[in-house]
Amino acid sequence: RFRLPRLLESGLQLAFIVTYLILVGIPMPCLRAACMACASLVAPLLFRRSSPLSNLGFVLIILIALDPFSSVSLSFMLSALATLGIVLFMPLFNNLVNSLTQSISSLILDPLLMTLASLVLVTPLCIATFSQVSLIAPLANVVATPFASLLCCLGMIMLLVSPIPVVGDVLFAACMVLAQVFIEVCHVLAQVPFASIPSTGNLYVLMAISSGCALLLWVFWPRTIKGSVVVSVMALFAV
C-alpha cells in the first residue's frame, strides 16, 4: 500500500519474520516456515520464480544438514508432511471446489481445504504416534484460524506499544480474554462425540499406503466437472 521499492519491502518482511521467529523461541516448525517464507521473498530479488515445492525440499535439506537430529523430531516431521500435502493437493482441491460453487466464503473454505490437504500425508504419522484419528480437525481449523490470526496480530501490536502504560495494559487484557475464549472453544470441540477415534497401525505400512493413494489421487485427478465429484470424493476418502 505504501508502494515501497521491492528491495526495501522484502527487507522489512524478512526483518519481521526473523523477529517473530525469535519471539516464539525458534521452534522447528516455525523455523521451517520462516525459511520457506524467506526463500520465497528472496527469489524475485534474484530474478527467479518462487516454487513452494522447491522451497520445501531445499529448506528440509538445509535444516537436516545443520541439525541431523531434526530428522527424528516429531514436530519437524508433522510440519514437513503437512506442508507437502498443502503444496501438492491444495491447488487440486481449490480447482474442484471452484468449479462447483463460488458461494462459500474463503474464510471458511481455505482453512477447510488446507486441513484436508495436510491430512492426506499427516494422518499415517498421527495414527502411528498418537493412536487416534481426529475427525473434527477440519472444523476445528476453520474455528481456530481467525483466533490464531487475531492473537498473532494483537500480540505483535502489544509488543510494540507495551512501553505505553494504559494502551499496553488494555491490549494485554484483550489478548488474555481472546486466548481464554480460544481455549474454551477448543475444550468444547474436544467434547464433541467422536471428535477423535482410536486407531493403530505400522508407520511404514501406513505411509506406503498413503503415499500410493496420494500419487494416484494426483495423477488420476478427474477434470473439474460436476460429473466427476463422486469419483473425487471416493478417491479422497480412500486416502
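The values are calculated or read from the model by the stated rules, or taken from the named source; none is laboratory data. Treat the numbers as computed from the prediction; the structure is a model and nothing was measured. Here the Cβ is made from the backbone with ideal geometry for all residues, glycine too, and neighbour counts use every protein chain on show. Calculation scope for accessible area: heavy atoms of the full protein, side chains included, ligands and nucleic acids excluded. Shrake-Rupley method; radii C 1.70, N 1.55, O 1.52, S 1.80 Å.
In table form, for the structure just shown:
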quantity	calculated
Pairwise FRET efficiency - Leu12 versus Val170, Cβ, R0 = 22 Å, nearest 0.05	0.25
Residue-normalised accessible area of region 159-217, expressed per residue, 1.4 Å probe, Å²	71
Top of Asn55, Asn98, Asn141 by mean-square fluctuation, Gaussian network on the chain, Cα under 10 Å	Asn98
Over region 85-180: Kirkwood hydrodynamic radius from C-alpha pairwise inverse distances, Å	15.8
The chain: calculated mean residue ellipticity at 222 nm from DSSP helix runs of at least 4, using -39500 (n - 2.57)	-26000 deg cm²/dmol
Computed E for Cys213/Gln132 - FRET, C-beta separation, R0 30 angstrom, nearest 0.05	0.90
Order of exposure, largest accessible area first, which applies to Asp110, Asp169 with probe 1.4 Å	Asp169, Asp110
Distance histogram in 10 Å bins (all Cα pairs of the chain, percent per bin)	6, 23, 33, 27, 10, 1, 0
Whole-number Å³ per residue for the convex hull built on Cα positions in region 1-97	136
Heavy-atom accessible area order for Cys175, Cys35, largest first, 1.4 Å probe	Cys35, Cys175
Distance (nanometres) between label positions extended 7 Å along Cα→Cβ at Val181 and Val161	1.7
Relative contact order for the chain, counting Cα pairs under 8 Å that sit 6 or more residues apart, in percent	18
Helical segments meeting 27 Å axial Cα length and Kyte-Doolittle -1.0 threshold in the chain (DSSP H)	74-100, 106-130, 137-161, 165-190
Å² per residue, accessible surface of region 3-48 at 1.4 Å	68
Nearest-0.05 FRET efficiency for Leu154 and Leu45, computed from C-beta distance (R0 30 Å)	0.45
Under DSSP loop assignment and at most 10 Cβ neighbours within 10 Å, longest chymotrypsin sites (Phe, Trp or Tyr not before Pro)-free interval of the chain	48-193
DSSP loop trypsin sites (Lys or Arg not before Pro) with at most 14 other Cβ within 10 Å: longest gap in the chain	50-222
Solvent-accessible area of Val205 with every protein chain in place, 1.4 Å probe, in Å² to the nearest 10	80
Residue-count net charge about Ser79 - beta-carbon cut-off 15 Å; Lys, Arg +1, Asp, Glu -1	0
Cα-centred dipole magnitude for the chain, charges only on beta-carbon of K, R (+1) and D, E (-1), debye, nearest 20	700
Around Ser40: net Lys/Arg minus Asp/Glu count, Cβ-Cβ under 14 Å	+3
Backbone N within region 108-151 under 19 Å of label point (7 Å from Leu203 Cα along the Cβ vector)	119-134
Share of carbon and sulfur in the accessible heavy-atom surface of region 1-119 [1.4 Å probe, %]	71
Long-range HN-HN contacts of Ser196 with modeled amide H, under 5 Å	Leu135
